[in-house]
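A short worksheet on the structure shown next.
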Amino acid sequence: MDKLVVRGGNPLVGTVRVSGAKNAALPAMAAALLSEETVILENIPQVRDIVTERNLLTAMGAEVELGYGRAHHRTTISCRNLVNAEASYDLVKTMRASTLVLGPLVARMGHARVSLPGGCAIGARPIDLHLKGLEALGARITQEHGYIEARAERLKGAHVVFEKITVTGTEDLLMAATLAEGESVLENCACEPEVVDLAALLTKMGAQIEDAGTRSIRVRGVEKLGGARHRIIPDRIEAGTFIVAAALTGGDLAIANCDPRHVGALLSKLEECGVKVAIGEDSVRIASSGPLKSADIVTEEYPGFPTDMQAQYMALATQAEGMSAITENIFENRFMHALELVRMGANIKIDGHRAVVRGKTPLSGAAVLASDLRASASLVVAALVAEGETIIDRVYHIDRGYERIEEKLRSVGAQIRRIGRLIPERAPAAVAAE
Ligand code: EPU
């Protein structure tokens, strides 16, 4: 199993480019199921979850071509001949976002069989709101042998109010409603940029959607959707991770190819911590040399502080002078990284949904274990300022959502390498095609 070895102490200096957003690419690929025509997606990140999604779609009969050479971030998907409307347990257990195929499949094929996701390292993560929404659109839902079956002759437009804001739930229902008969109004929707990006793609495919990006989305169902070409938005969480890494290491880093509007909550918090932020059109420059000040965060739905940046922020808080209270409001069990940070020397006390970090405490390199995607990013960021060498195990978590993170960090001065590969690393295109 691969490990990352990081030697701390170097400030990050230079320019790092952000890849396409994993969490926008996954629903976009699922959206291709809605059409018989070809969907071409640009700026697809080369990360493990995309390979999983490709496997999911091909198991249904879709043709998914991952680009190579200079076009290695392009993916072409044709779902003309779908043969199997099923997402198996093997795939869903490795990636919960597989449940995003439920809405599109039932809308296009009239039925779907999708494994229920099991437990998750960050909390219960049920999909009841996806199911309630699909039922409101007229799907008959049954559950047997760990699988959800959804059936409908044709979905019918409806008024759906989400009891709780859910990102993939909003995306799933939005996709389903595009092919439903009549109008749907979805309320208490997620406003995340990934939802807006999905709506932009669906609109290019011929869907009639109004007000995506607000809490209430209106969709007029159409008979058929066509093909489209679409460029995925930059990954705001990858950008945020580099932003925190630059602030923490006292670097001077330009984060290029990002959308600064999507990282607003993080940037204002870092300014409160004393970090200098300069915003460009599609870049952010972070300069930090003085001491960091503590500041509290509360994770919230967009445009609030993202839960996907909480772990990385906690790493930063260990190096800020004073007490930072970190409240996690989205997931019930998302503090696994705290225990690993404590092993590196952090002073963190957890009480339910709240963690209190007292800084600044020196961090020292240790052998640590990544428990989920963002927890592993937090450990990498902490390791960049730890004294000595940190060995991060289970980095397959980080490979799910960060494209060549060690190469990107190395290019701006970090001492980081991967160990444990028994065979030489293949070209990125070949890795994605396995
Ligand atoms: N929830 C329910 N019932 C549902 C759906 C959600 O109770 O049917 C609850 C969840 O348990 C959670 C809250 O609602 O407490 C919000 O969950 P949400 O559905 O918004 O999360 P998600 O759609 O499963 C996406 C991202 C996550 C990100 C969250 C929150 C994708 C593929 N995943 O998950 O990303 O943390 O939104 O912003 O878009 C990551 O990239 O590391 C990651 C975990």
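Using helices alone, what [θ] at 222 nm do you get for the chain, with -39,500 (n - 2.57) per DSSP H run of 4 or more residues, divided over all residues and rounded to the nearest 500?
On the way: 15 runs with 134 residues, N = 434.
After summing the helix terms and dividing by residue count, I get -8500 deg cm²/dmol.
Give me the one-decimal Kirkwood hydrodynamic radius in Å for the range 1-140, with the sum taken over alpha-carbon pairs.
16.7
Quick one: angle between helix 193-204 and the longest Cα principal axis of the chain, in degrees between 0 and 90, rounded to 10, please.
30
Note the full-extension length gain between Thr327 and Ala124 as 0.36 nm times their separation in residues minus their Cα-Cα distance, in nm to one decimal.
Details: separation 203, 0.36 × 203 = 73.08 nm, distance 1.78 nm.
Full extension of this stretch gives 71.3 nm more.
Report, ordered by chain and residue number, the lysines lying within cross-link reach of Lys293, taken as a straight Cα distance under 24 Å and ignoring same-chain residues fewer than 8 apart.
Counting by Cα, and skipping residues close in sequence, Lys293 has these lysines nearby: Lys269, Lys276, Lys349, Lys360.
Where both residues lie in the chain, what percent of DSSP beta bridges are antiparallel, nearest 5? List each step's numbers first, then the result.
Numbers: 57 of 83 bridges.
Taking every DSSP beta bridge with both residues in the chain, the antiparallel ones total about 70 percent.
My understanding is that a pair violates if its Cα-Cα distance is over 20 Å; which of Lys22/Lys93; Lys22/Lys408; Lys204/Lys224; Lys93/Lys224 do that in this structure? It would help to have the intermediate numbers written out before the result.
Details: Lys22/Lys93 18 Å; Lys22/Lys408 17 Å; Lys204/Lys224 12 Å; Lys93/Lys224 31 Å.
Pairs exceeding the cut-off: Lys93/Lys224.
In the range 133-177, what percent of the accessible surface is made up of carbon and sulfur (1.4 Å probe, ligands and nucleic acids excluded)? Kindly include the intermediate steps, with their values, before the conclusion.
Numbers: 1010 of 2150 Å².
Of all accessible area on the range 133-177, carbon and sulfur atoms account for 47 percent.
Quick one: in the chain, what % of C-alpha pairs are over 36 Å apart?
On the way: 23773 of 93961 pairs.
The share of Cα pairs beyond 36 Å in the chain comes to 25 percent.
Along the charge dipole of the chain, which of Ser288, Thr178, Ala265 sits closest to the positive end, that is, farthest toward it, with unit charges on the beta carbon of Lys, Arg, Asp and Glu (+1, +1, -1, -1)?
After comparing all options, I get Ser288.
Hey, for a label at Ser268 modelled as a point 7 Å past Cα toward Cβ, could you say which residues of the range 305-348 have their backbone N under 14 Å away?
So the set is 305-306.
Let me spell out the model: positive unit charges on the Cβ of Lys and Arg, negative unit charges on the Cβ of Asp and Glu, origin at the Cα centre of the range 136-221. What dipole size does that give, in debye rounded to 20?
In total the dipole reaches around 240 debye.
Pick out which of Glu86, Glu403, Glu144 has the largest mean-square fluctuation in a Gaussian network model of the chain, springs linking Cα atoms closer than 10 Å.
Top of the fluctuation ranking is Glu144.
In the Gaussian network model of the chain, springs joining C-alpha atoms below 10 Å, which of Ile232, Ile209, Ile279 carries the largest mean-square fluctuation?
Ile279
Given springs between every Cα pair under 10 Å in a Gaussian network model of the chain, which of Gly157, Gly345, Gly123 has the largest fluctuation?
Gly123
Mind checking which aspartates and glutamates have their Cα closer than 20 Å to the Cα of Lys132? Skip sequence neighbours fewer than 8 apart in that chain.
Result set, ordered by chain and number: Glu86, Glu144, Glu149, Glu153, Glu163, Glu171, Asp172, Glu181, Glu183, Glu187.
Kindly report the accessible area of the range 318-392 per residue (heavy atoms of protein chains, probe 1.4 Å, no ligands, DNA or RNA), in Å². The partial results should precede the final answer.
Details: 2880 Å² over 75 residues.
Per residue, the range 318-392 has 38 Å² of solvent-accessible surface.
For the range 72-204, report the accessible area per residue in Å² (1.4 Å probe, heavy atoms, rounded to an integer).
Values: 5220 Å² over 133 residues.
Using a 1.4 Å probe on heavy atoms only, each residue of the range 72-204 averages 39 Å².
The values are calculated or read from the model by the stated rules, or taken from the named source; none is laboratory data. Quantities reported herein were computed from a predicted structural model and do not represent experimental measurements. All Cβ positions, even for glycine, are placed from backbone atoms using ideal geometry, and neighbour counts span all protein chains on display. Surface accessibility is based on the protein's heavy atoms, side chains included, excluding ligands, DNA and RNA. Shrake-Rupley method; radii C 1.70, N 1.55, O 1.52, S 1.80 Å.
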